[in-house]
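Below: the structure, in structure tokens.
The values are calculated or read from the model by the stated rules, or taken from the named source; none is laboratory data. If you're wondering where the values come from, they're calculated on a predicted model, not measured in any experiment. Cβ placement follows ideal geometry from the backbone for every residue including glycine, while neighbour counts extend to all protein chains displayed.
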């Protein structure tokens with residue numbers, strides 16, 4: 001409070017205001033932050049408040065954005081632990097006993113040179129399993145596990161948990177994308193059979209037996225009969241592309257895709273000769289092999305995905321225009337991961353312990369979601385991914 005003080009030189013009374021404290025005195029000390037974080041971790045472990053906050057933010061975003069959650073995607077991310085990894089001789093534990101070693105291997109073929117390549121990554125720490133809206137680039141849900149946990153198993157557990165917590169999201173979601181590391185018949189079937197969500201998951205090339213044959217041509221995709229129990233002209237690749245093979249000329253053509261019949265769970269294809277008005281000398285033999293008599297319209301091939309390999313045949317065929325558009329949205333997850341590393345400091349950190357790492361990660365994702373919600377409510381939807389633009393106070 002102000003005080004009245006007599007000036008020694010003038011003899012007059014003057015109002016003297018107290019000097020404010022130096023700014024560094026008003027900033028909490030490092031141990032205040034440590035104590036606050038310890039209390040927060042204990043509360044989160046017992047009550048799951050941050051997890052409930054994420055659920056609430058997710059539902060609020062769904063309320064203000066009618067298409068939020070329509071396009072979802074998943075990505076796994078390696079998070080290193082701030083640990084020396086050295087085991088103590090007395091306790092037999094390292095400085096982060098919750099963490100373990102993760103191994104991720106990626107392989108492919110260079111499209112320009114044809115040379116095969118392989119990339120192997122090993123890390124000690126944790127795995128971030130993230131589901132996000134790939135249109136708005138906003139997190140939706142996450143799990144944090146030791147690095148060795150399987151992404152396949154964790155993804156299916158996350159889907160069950162997410163759609164149980166927020167049933168409206170399962171009804172709203174139209175497609176779900178992830179990379180080829182998650183290519184699995186069980187996951188693809190689960191998305192469509194249980195939730196009617198189209199899986200946009202890249203397909204691995206696992207066929208090996210044909211590569212051992214003497215006439216194998218590396219420049220041509222491997223094909224197998226669609227109906228192996230009969231002598232037919234229809235074959236398919238491991239990516240799910242369907243072809244017909246002319247018995248007269250040996251020419252292989254792509255069947256014309258006519259769409260997915262959801263009520264039948266069937267992919268519909270049409271004879272390319274009829275669809276594109278081509279001359280096919282094998283027409284009669286093809287119809288006889290397929291035991292059909294279609295007339296001028298051409299042969300129709302329907303593939304029931306529930307009776308075929310669910311890893312290969314999905315409602316939206318691999319490589320189709322709609323598949324490519326949906327799969328391209330997966331790049332949103334890479335940008336979210338970049339914000340996690342750089343904006344929130346998870347690339348270089350001093351975090352040890354799964355509980356602390358999970359709490360800190362949950363807070364980071366909550367900030368992303370809360371900032372997005374604030375921008376949308378303020379009428380700045382184009383800035384919803386910004387982490388630096390201030391949000392004006394309302395009311």
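So if I check each of 304, 279, which one is in contact with a helix residue (DSSP H, G or I) (Cβ under 8 Å, 6 or more places away or on another chain) and at negative phi?
Matching residue, one of 304, 279: 279.
In the stretch 62-74, what residues are within 22 Å of residue 196 (Cβ to Cβ) and outside any loop (DSSP other than H, G, I, E, B)? Even if it seems obvious, please write down each step before you answer.
Start the filter on the stretch 62-74 by keeping residues that are within 22 Å of residue 196 (Cβ to Cβ), which leaves 62, 65-74.
Correct list: 62, 71, 72, 73, 74.
Within the stretch 185-228, work out how many residues are outside the structural domain of residue 155 (by TED's automatic domain parsing) and part of a helix (DSSP H, G or I).
Number satisfying all stated conditions: 4.
Could you identify the single residue in 77, 121, 112 that is loosely packed, with under 12 Cβ neighbours inside 10 Å and closer than 21 Å to residue 331 by Cα?
Values: 77 fails: loosely packed, with under 12 Cβ neighbours inside 10 Å; 112 fails: closer than 21 Å to residue 331 by Cα.
Sole residue among the options that is loosely packed, with under 12 Cβ neighbours inside 10 Å and closer than 21 Å to residue 331 by Cα: 121.
For residue 146, indicate whether it is over 14 Å from the mean Cα position of the chain (by Cα), without any contact (Cβ under 8 Å) to a residue 40 or more places away in the chain and surrounded by 15 or more Cβ atoms within 10 Å (Cβ to Cβ).
no
Do we find that residue 83 is surrounded by 11 or more Cβ atoms within 10 Å (Cβ to Cβ) and either modelled with pLDDT of 85 or more or over 30 Å from residue 129 (Cβ atoms) (or both) in this structure?
On the way: surrounded by 11 or more Cβ atoms within 10 Å (Cβ to Cβ): yes; either modelled with pLDDT of 85 or more or over 30 Å from residue 129 (Cβ atoms) (or both): yes.
Yes.
Cβ contacts < 8 Å: first residue outside the structural domain of residue 175 (by TED's automatic domain parsing) and buried (at least 16 other Cβ atoms within 10 Å of the Cβ), restricted to the stretch 59-74; second residue outside any loop (DSSP other than H, G, I, E, B) and modelled with pLDDT under 95, any location; separation 6+ or different chain. Result?
From the stretch 59-74, no pairs qualify.
With the condition kept exactly as written, say whether any residue in the stretch 223-246 is touching a helix residue (DSSP H, G or I) at 6+ places or on another chain (Cβ under 7 Å), closer than 16 Å to residue 292 by Cα and exposed (fewer than 14 other Cβ atoms within 10 Å of the Cβ).
Quick first cut of the stretch 223-246, residues touching a helix residue (DSSP H, G or I) at 6+ places or on another chain (Cβ under 7 Å) only: 231-233, 244.
With closer than 16 Å to residue 292 by Cα added as a condition, the list becomes 231-233, 244.
Subset that is exposed (fewer than 14 other Cβ atoms within 10 Å of the Cβ): 231.
Yes, that holds for at least one residue.
Just to be sure, is residue 329 touching a strand residue (DSSP E or B) at 6+ places or on another chain (Cβ under 8 Å) and surrounded by 15 or more Cβ atoms within 10 Å (Cβ to Cβ)?
Yes.
Going by the structure shown, is residue 35 more than 26 Å from residue 132 (Cα to Cα), touching a strand residue (DSSP E or B) at 6+ places or on another chain (Cβ under 6 Å) and outside any strand (DSSP E or B)?
Answer is no for this residue.
Every residue, every condition in (1) under 23 Å from residue 220 (Cα atoms); (2) surrounded by 12 or more Cβ atoms within 10 Å (Cβ to Cβ); (3) in contact with a strand residue (DSSP E or B) (Cβ under 8 Å, 6 or more places away or on another chain), yes or no:
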| position | (1), (2), (3) |
| --- | --- |
| 256 | yes, yes, yes |
| 263 | no, no, no |
| 267 | no, yes, yes |
| 277 | no, no, no |
| 283 | no, yes, no |
